[in-house]
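Everything below concerns the one structure shown next.
The values are calculated or read from the model by the stated rules, or taken from the named source; none is laboratory data. Remember, it's a predicted structure, so these values are computed and weren't measured experimentally. Neighbour counts run over all protein chains shown; Cβ positions are idealised from the backbone, glycine included.
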Amino acid sequence: MLNIKYINDAFILLKSRLIFRNWFLLFLRYLYCKFIKRNALCKMIAISRDGRVCIINPLIYGNILHGFYFGFIHSVICNNDYIIIDGLKLKIYKKNNENELDLGSVRFRRWYDSLSYIYITNQYSILNVKGAIVIDVGAYVGDSAIYFALKGAKKVIAIEPNPEAFKEMLDNIKFNNMEDKIYPINAGLIGKIHSNNLDSNSKCLNVFGGINEAYGIYYRDIVTHNKLGNKCVKAISMAEIIKLIPNEYLDNVVLKMDCEGCEFDVISNDYEHIKLFRELILEYHNNPTNLIKILEKDFKCYIVSKYNLLYCRKRL
């Protein structure tokens, strides 16, 4: 019996003909780099469909192919030291200055793994954010908030509970001169008070560990994780966030959620505010069936299982 994974990989490879002229030679070079040289950063010469050349590496190549196959990427143009993905110009090889990482159109304090799927795989391109207010829940270091601003969002409200990630987000917003576009809030979104993630004496979310633990902060046991040094940050509801949006923009608000478990709590317990959004995208952490049942009252939803993403658009 044929392995389904290999069949999918073959389709992904064949579709790459639409973005690279030398698609088959690129694939052979990719195999050489990955399995013989075992170097994820070895150089690969790519030729885009317009005949222009650039040098990429296996990591970038893999992300581009998956992004294009799943419909996140619509155009790829080579331009010497840059690659232009859906109009966003990125440096192929990240360059570090003393205090920042320069990627061409964007700058960050340092490299984060999330940059590859946000800026190269382009996984949030499915959202139409141009001219919209975006609420970015789980904004981490501002990686996605800055992406939405670059894509034309009118304003991004960036919610991040981890204090260290939040501090780095402030730096990254400043690096990109986006203080007027991005409104950062150091808080954790909740839909309902739970004894295991709220301080018993205040409306306060317990956050554990530093920036490297920012990916898993929602449903953790306070006692078990005290050794990481838990911190208490403000808990905020969706109702409080929506109050920040002027009434004339309430029909053009988009939601992104990547909050390590809060999505089920918020959608289940505060759906009256969730249904106000025009579009939403979230990363789910368990079977999304129950979430879809709730959301399909007002939204048409699609699953991108490769990335554990659920995208929903308001029904007309």
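Can you tell me which residue among Tyr124, Tyr117 is surrounded by 21 or more Cβ atoms within 10 Å (Cβ to Cβ), within 30 Å of Ile245 (Cα to Cα) and either of a type in the set (Ser, Thr, Tyr) or touching a Leu at 6+ places or on another chain (Cβ under 6 Å) (or both)? Among Tyr124, Tyr117, only Tyr124 is surrounded by 21 or more Cβ atoms within 10 Å (Cβ to Cβ), within 30 Å of Ile245 (Cα to Cα) and either of a type in the set (Ser, Thr, Tyr) or touching a Leu at 6+ places or on another chain (Cβ under 6 Å) (or both). Determine if the range 1-10 includes at least one residue that is at pLDDT below 90 and within 29 Å of Asn128 (Cα to Cα). Checking the range 1-10: at least one residue is at pLDDT below 90 and within 29 Å of Asn128 (Cα to Cα).
Return the only residue of Ile118, Ile64, Ile45 being closer than 22 Å to Gly142 by Cβ and outside any loop (DSSP other than H, G, I, E, B). So the residue among Ile118, Ile64, Ile45 that is closer than 22 Å to Gly142 by Cβ and outside any loop (DSSP other than H, G, I, E, B) is Ile118.
For Ile64, the test of being over 18 Å from the mean Cα position of the chain (by Cα) and modelled with pLDDT of 90 or more is failed. Pairs are defined by a Cβ separation below 8 Å, a sequence spacing of at least 6 or placement on different chains, a first member in the range 294-310 that is over 15 Å from Gly67 (Cβ atoms), and a second member that is surrounded by fewer than 12 Cβ atoms within 10 Å (Cβ to Cβ) and at pLDDT below 95; the pairs so defined are Asp298/Arg315; Phe299/Arg315; Lys300/Arg315.
When Ile56 is tested against (1) of a type in the set (A, V, I, L, M); (2) touching a strand residue (DSSP E or B) at 6+ places or on another chain (Cβ under 8 Å); (3) at pLDDT 95 or above, exactly one condition is not met: (3).
When residues of the range 241-259 are filtered for being of a type in the set (Asp, Glu) and over 10 Å from Leu276 (Cα atoms), how many remain? Summing the residues that are of a type in the set (Asp, Glu) and over 10 Å from Leu276 (Cα atoms) in the range 241-259 gives 2. Scanning the range 273-281 turns up no residue that is modelled with pLDDT under 95 and either within 21 Å of the chain's Cα centre (by Cα) or not assigned by TED's automatic domain parsing to the domain that holds Ala239 (or both). Among the numbered conditions (1) touching a Phe, Trp or Tyr at 6+ places or on another chain (Cβ under 8 Å); (2) of a type outside the set (Ser, Thr, Tyr); (3) over 20 Å from Tyr147 (Cβ atoms), the only one that Arg38 does not meet is (1). Of the residues making up the range 167-182, those that are part of a helix (DSSP H, G or I) and in contact with a strand residue (DSSP E or B) (Cβ under 7 Å, 6 or more places away or on another chain) are Met169, Leu170, Asn172, Ile173, Phe175.
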